[in-house]
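Visitor: If you scroll down you'll find the structure; I have some questions about it.
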Amino acid sequence: RLFDDGTGETEIFLVDKLKRGAEATKSALPKDQYGVFWSKNSYIVVYSWGTGSAKSFILYFWQGRDCSVNEKAAAAGLILKMQEQYKGANQIRVAQQKEPPHFLLLFKGKLVIRHGDAHKQEDHANETALYELRGTEVSNT
């Protein structure tokens, strides 16, 4: 379902690695990393559109194929906490390779999913990468 044309505001958070006994946390992703996700991580994408009292929100929580069960649970828990801040927001779980059309639209054809862990990017800095391109237009690529 397309909520709008995808031109609203987007904020993306990386779910931090859980430390034993600690509460789940998230870190804001720098804008130059929007659209680059890692398969061993979970992300929270806050999308908003409209103005004032007519402002609407969607809380997407994207879960990488190789993400741990604990990290998936941490993302879900963070979403529940964020519900207080974003009252009335739709919550949508997004599994890697099962991204809905509106979610893809937010990245304007530039969603890249890398194999590995965002917390260990330096381990992949000099690797050669092979990418699989999918979709036929901006809204589904």
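Visitor: Could you calculate the FRET efficiency of Ser53 with Gln91 from 1/(1 + (r/R0)^6), where r is the beta carbon distance between them and R0 is 30 Å, rounded to 0.05? Please report the intermediate quantities before stating the final value.
Guide: Numbers: r = 21 Å, r/R0 = 0.69.
According to the calculation, E is roughly 0.90.
Visitor: Taking the simple approach of a point 7 Å from Cα along Cα-to-Cβ for both Arg65 and Val36, what is their distance in nm?
Guide: If labels sit at Arg65 and Val36, their model points lie 2.0 nm apart.
Visitor: Distances longer than 20 Å among the Cα atoms of the range 1-115: what percent of all pairs is that?
Guide: Values: 2474 of 6555 pairs.
Percent of Cα pairs beyond 20 Å in the range 1-115: 38.
Every number here is computed from the coordinates shown, using simple stated rules; none is lab data. As the structure is a computational prediction, the values presented were derived from the model and not from experiment. Please note: Cβ atoms are built from the backbone with ideal geometry, for glycine as well, and neighbour counts cover all protein chains shown.
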